[in-house]
Amino acid sequence: MSSSKLSTSLVRIGAASAALLSPVVAFAQEAAPAAAAATAAAPVPDKADTAFMFISTLLVFFMLIPGLALFYGGLVRAKNMLSVLMQCTVIGATMMIVWVVYGYSFAFGGSTSPYFGGFAKMFLAGVSTDSTSATFSEGVVIPEYIFMLFQMTFAALTPALIIGAFAERIKFSAAVLFSVLWATFVYFPIAHMVWDGNGLLFGMGALDFAGGTVVHINAGVAGLIGAIMVGKRTGFGKDMMAPHSMTLTLVGAAMLWFGWFGFNAGSNLEASGGAMLATVNTFLATAAAILSWSVVETFTRGKASMLGAASGMIAGLVAITPAAGIAGPMGAIVMGLIVSPLCYFFVSVVKNKFGYDDTADVFGVHGVGGFFGALATGIFASSSLGGIGYADGVSMGGQFMTQLTAVAITIVWCGVVSAILYKVVDAIVGLRVSVEAEREGLDLSSHGEAAYHS
């Protein structure tokens, strides 16, 4: 074949190939921009947001161990110190396992049910280093692992809050079993209702930035019912039952305040202005509540106490939790000033009037402070009071009624289910230790150890 004929043949082959491949090339040219657009549309977690959430998660964990453990430990008698430390530690560890096995799925499993997250993410199915969770900003995501862990610390802390209400007489096995059942049938459903996009209270427009209903009202109501159903401590009202170490209580309270910045600011899910607002409010509301409690004690008792200052600290933190990223700084101060007199009244007057034995005032501080905070959030969210404002078409009165409805639903759900669960636990293992074990102290009778040696 001559060179001219070869050239002619190659040209024809090339033309035929081009004709055959032209649809493929055209498809590739059309698909390339589409693939690029799809890639661009998939948001990538920002490293700063991820680091912020990592730190926030560790801060909330610090609230449980050693924060809450030392706070409650100092409030009980010396012979029961280790029992409280042990309950906080084991309940926290138990809830971490329960959370990854089914709790995360029950709360955030993707179900369209307003009450239940579903089974899709049991054993962390589908959660990987590549999966992400949405934040409050469109197009902004964080790794799903860190969202799962952040929520895990809430789930570990909340049942441990309850045990302060019946400390010094609860069986160790009963405390752990109740915590697992309570988280399953109360905490996980309420967390789904409030924080999941398909949740009942979320859909109603209820505002709960960091857990006023989910954590504090839940724990407070369950604590009150537990204090009544477990019964009073042996010798209550006759024996001296003062806190054995206000030093440790203050250390624990200070750790709680420190960790609470992760609790509140981390609930913003991003390292943005909303997190900074939550941080400012966590400082100011708490400071105002400490001063307010001290002033009230000065007028009613003639002296301001360290126990009162620590109680005011927790009351302020509880009150601002649902409003942390919603109210303005001045609103946070007002909330702190108001919450302490309310909690003080329940702790010093109502509790004595009705005679229930709430050892660490879980209901008086977390329950009452949670009620107030949730309702006040509906007021101080108003832009006219310095808050971030309401959704379109929502008035202050409308938002307040939504908050009231959310509080009522939480109280009823938690109250009824908790009462049933205490009965179930009592039937299985019994709720409280014997009188002899209680008099000896739970450190020795339940754990064979002593916190202090003379």
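The values are calculated or read from the model by the stated rules, or taken from the named source; none is laboratory data. What you see is a predicted model; the values in this text were computed from it and never measured. Glycine also receives a Cβ, built like all others from the backbone with ideal geometry; neighbour counts cover every protein chain displayed. Accessible surface is based on the protein model in full, side chains and every heavy atom, while ligands, DNA and RNA are left aside. Shrake-Rupley method; radii C 1.70, N 1.55, O 1.52, S 1.80 Å.
What the table shows:
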read-out: Proximal charge balance of Ala381 [Cβ under 14 Å; K/R count +1, D/E count -1]; value: -2
read-out: Packing-based order for 150-157, 416-423, using average beta carbon neighbours within 10 Å, highest first; value: 150-157, 416-423
read-out: The stretch 300-454 - percent of accessible surface contributed by carbon and sulfur, probe 1.4 Å; value: 66
read-out: The stretch 47-102 shape via C-alpha gyration tensor axes, a/c threshold 1.5; value: oblate
read-out: Apportionment of accessible area to carbon and sulfur, the stretch 37-149, percent (1.4 Å); value: 73
read-out: The chain, helix-only ellipticity at 222 nm - DSSP H runs n ≥ 4, -39,500 (n - 2.57), divided by all residues, nearest 500; value: -20500 deg cm²/dmol
read-out: Sequence-distant residues sharing a close amide H with Thr132 (under 5 Å, placed H); value: Glu144
read-out: Protection proxy ranking, peptides 307-315, 407-415, 239-247, 210-218, average beta carbon neighbours within 10 Å, highest first; value: 210-218, 307-315, 407-415, 239-247
read-out: Per-residue HN-Hα couplings for the stretch 336-352 [Karplus 6.51, -1.76, 1.60; θ = phi - 60°; Hz; x = Gly/Pro]; value: x, 5, 7, 5, 5, x, 5, 5, 4, 4, 5, 6, 9, 10, 5, 4, 5
read-out: For the stretch 340-452, size of Cβ-based charge dipole, Lys and Arg +1, Asp and Glu -1, in debye; value: 440
read-out: Gap separating the Cα centres of the stretch 413-429 and the stretch 192-249, nearest whole Å; value: 15
read-out: Amide hydrogen neighbours beyond the local backbone of Arg432, cut-off 5 Å, H modeled; value: Lys171
read-out: Positive-end residue, the stretch 120-252 charge dipole about Cα centroid, Cβ charges, pick of Tyr145, Ala242, Gly211; value: Ala242
read-out: Furthest towards positive pole of dipole, Thr377, Ala253, Leu82, structure part the chain, Cβ charges; value: Leu82
read-out: Where the chain is the region considered: accessible area per residue in Å², 1.4 Å probe; value: 42
read-out: Cα gyration tensor shape of the stretch 194-340, rounded if a/c is under 1.5, else prolate or oblate by comparing a/b with b/c; value: oblate
read-out: Identified option (computed Cα extents along the principal axes in Å; candidates (i) 119, 53, 39; (ii) 77, 59, 37; (iii) 66, 58, 48); value: (i)
read-out: Rounded, prolate or oblate (a/c below 1.5 giving rounded, otherwise prolate when a/b exceeds b/c) for the stretch 348-454 by Cα gyration tensor; value: prolate
read-out: Debye, to nearest 20: dipole size of the stretch 270-367, +1 on Lys, Arg Cβ, -1 on Asp, Glu Cβ; value: 280
read-out: Cα-centred dipole magnitude for the chain, charges only on beta-carbon of K, R (+1) and D, E (-1), debye, nearest 20; value: 420
read-out: Residue-level accessible surface for Leu181, protein heavy atoms, 1.4 Å, Å²; value: 40
read-out: Top positive-direction residue, dipole computed over the stretch 92-199 with Cβ charges, set Ala93, Tyr104, Gly126; value: Ala93
